[in-house]
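One structure is given here, and the rest of the page talks about it.
The values are calculated or read from the model by the stated rules, or taken from the named source; none is laboratory data. Just so it is clear, the model here is predicted, and its values are computed rather than measured. Please note: Cβ atoms are built from the backbone with ideal geometry, for glycine as well, and neighbour counts cover all protein chains shown.
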Amino acid sequence: MSDPLNIVLVGATGAVGREILHLLAERDFPTGQLRLAASVDSLGEPLEFRGESILVEEVSEATFEGADLVFFCGSREVSAHYAPVAAARGAIGIDVTGAWEEETEIPLVVPEINAAALESLPSRGIIACPSSLAVQTALLLEPLRQCGTIERVVVTAFLSVSSAGRKGIDVLRKQSGELLNGRPVEPEAFCRPVAFDCFAQQPSAEKQGASDDEFSLIQGVRRIMGAAALGLSATVVQMPVFYGQGMSVYVQTAEPISLEEVREVLSCQSGIELVDEAAAADCEPSVLDAAGRDEVMVGRIRQEPGMSNTLQLWAVSDNLRSGDAANAVKIAEIIGRHPAFTATKN
């Protein structure tokens, strides 16, 4: 991939949008014209890219004229409306909002696992990124298939407020200050006040009692791994932490597995960093350890006593970078090298 591509970043001023902008520069993505778009509230806000200040414009249909690739990382509603508009103008849309993750004809992609889904350009011109929790879970489970047949998986995920974007970050900062000064707070951005508290997400009646994030994790992992019948349950806990996500994972297999083999296959998986538990007694990774990293950090690998067909582990990642932005940019890199895509630009 050498020819520069015209890029539109919708939701550029949000938490994920800023991280994508940073990664495009860090990974030296070949960028021609770059347009930054957001809601009218961010109109005229300057953002820096490779030493140049670019003013944010209000998103409209005209935003996509001449675009090759469009990142959608604002609201679901904006992506649902404008992704088909961008596709109609010949661009490929990469959605990070979740607006398209349940559309079965839209490829749902984690490049380390199912990049083959991009062997043909998407017929509707849209590619969906899974949720950051689904990306992390799939990266953990895919290599474990080499150890044995996975029968059952139980995930307990701990989610930071940045999962709700800049709004979530601002709410936690504001509520923490209010409570420290003895003032009451009301729920905002979350179902209840989030500062100095943790709580399970509210279930959705339309999703068999799962919360939106739990449903997205379960269905996303099944699609990414091509395992529609995978026995997978999840509980997502909202934490008063600004960035990152942690996850306790329990796996049951049909046959006995060895921890040595588990460590070997995990260490060979792209996107995984295996923490050497023998190096230090206090080396278990935390969400702060994962900040700014592309990899999922894994530790606390163990089995239930007397149950050699079980596995338990702890994993952390930078949700904005690893789970959202890096996944989207890696997809863009694949598309940028695609012969059918490059042929349309020549």
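Odds and ends about this structure:
- For the stretch 183-217, residues that are without any contact (Cβ under 8 Å) to a residue 60 or more places away in the chain and assigned to a helix (DSSP H, G or I) total 6.
- Lone unmet requirement of (1) in a loop (DSSP other than H, G, I, E, B); (2) modelled with pLDDT of 95 or more; (3) of a type in the set (D, E) for E284: (2)
Let's see how each residue does on (1) in contact with a helix residue (DSSP H, G or I) (Cβ under 9 Å, 6 or more places away or on another chain); (2) surrounded by fewer than 23 Cβ atoms within 10 Å (Cβ to Cβ):
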| position | (1), (2) |
| --- | --- |
| A25 | no, yes |
| V40 | no, yes |
| L55 | no, yes |
| A67 | yes, yes |
| G74 | yes, no |
| A80 | no, yes |
| R89 | yes, yes |
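- When we screen S160, S176, S79 for residues that are hydroxyl-bearing (S, T, Y) and not assigned by TED's automatic domain parsing to the domain that holds V251, the only hit is S79.
- From E19, E48, residue being farther than 27 Å from T344 by Cα, in contact (Cβ under 8 Å) with a residue 24 or more places away in the chain and outside any loop (DSSP other than H, G, I, E, B): E19
- Only one of G220, G246, G226, G271 that is touching a residue at least 12 places away in the same chain (Cβ under 8 Å) and surrounded by fewer than 18 Cβ atoms within 10 Å (Cβ to Cβ): G226
- Subset of the stretch 288-346 [closer than 15 Å to L139 by Cα, assigned to a strand (DSSP E or B) and without any contact (Cβ under 8 Å) to a residue 40 or more places away in the chain]: M297, G299
- Summed over the stretch 106-127, the residues that are of a type in the set (G, A, S) and over 14 Å from I334 (Cα atoms) give a count of 2.
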